[in-house]
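Working notes, structure below.
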Amino acid sequence: MAVTIDLTLDCADAQLLRRFWKTALGYVDEPPPAPFATREEWHASFGLPADDSVDDGAWLCDPDGTGPRLCILKVPEPKTAKNRLHIDVRVPGHGGPEERWARIRGESERLVGAGASVLEEFAGHHVVMADPEGNEFCVGATPA
């Protein structure tokens, strides 16, 4: 049996990135683990210092249960270098190169509207972008 993975993003504002990545990926807030009724209840079970807020983290999941879980955690240090691992957002659909490029461009424009920025375009292939805190990711088409 294969193992599963979670992706974790360090950040300064977990709720800002939570909203962005929910929009970008179509993910939903992950329910708290059993037996807890809320994330606040789950968080309180760790006995953390009073200044450690549940809002300093966010947990997202694919509503279909197929994609990896995304954990977003506030850390004290700022981002200082290029990501060594990044997310590829793949837009679905078929068609010729012009149709694929139009879908890629459309998705990148939608994500700019959600707070991302375009870093570089590789015309006809993919767009390198940054989320609202500068974490790099790419937008491309689903492999044919």
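Each reported figure results from applying straightforward, stated rules to the coordinates on display, with no laboratory input. Being a predicted model, the structure only gives us computed values, none of them experimental. Ideal geometry is used to build each Cβ from the backbone, glycine not excepted, and the neighbour counts take in all protein chains shown.
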- Selection over the stretch 62-114 where residues are in contact (Cβ under 8 Å) with a residue 24 or more places away in the chain, over 16 Å from residue 128 (Cβ atoms) and hydrophobic (A, V, I, L, M, F, W, C) yields a count of 6
- Message: Filter the stretch 52-77 down to the residues that are surrounded by fewer than 10 Cβ atoms within 10 Å (Cβ to Cβ) and on the phi < 0 side of the Ramachandran plot and list them by number.
- Response: 64, 66, 76, 77
- Of the residues in the stretch 110-144, those that are charged (D, E, K, R) and surrounded by 14 or more Cβ atoms within 10 Å (Cβ to Cβ) come to 110, 121, 131, 133, 136
- Note on the structure: By my count, strands (runs of 3 or more DSSP E) wholly in the stretch 1-98 with at least 1 residues that are more than 26 Å from residue 113 (Cα to Cα) and touching a strand residue (DSSP E or B) at 6+ places or on another chain (Cβ under 9 Å) are 6-11
- Message: Quick check on residue 14: is it touching a residue at least 12 places away in the same chain (Cβ under 8 Å), of a type in the set (A, V, I, L, M) and under 24 Å from residue 128 (Cβ atoms)?
- Response: yes
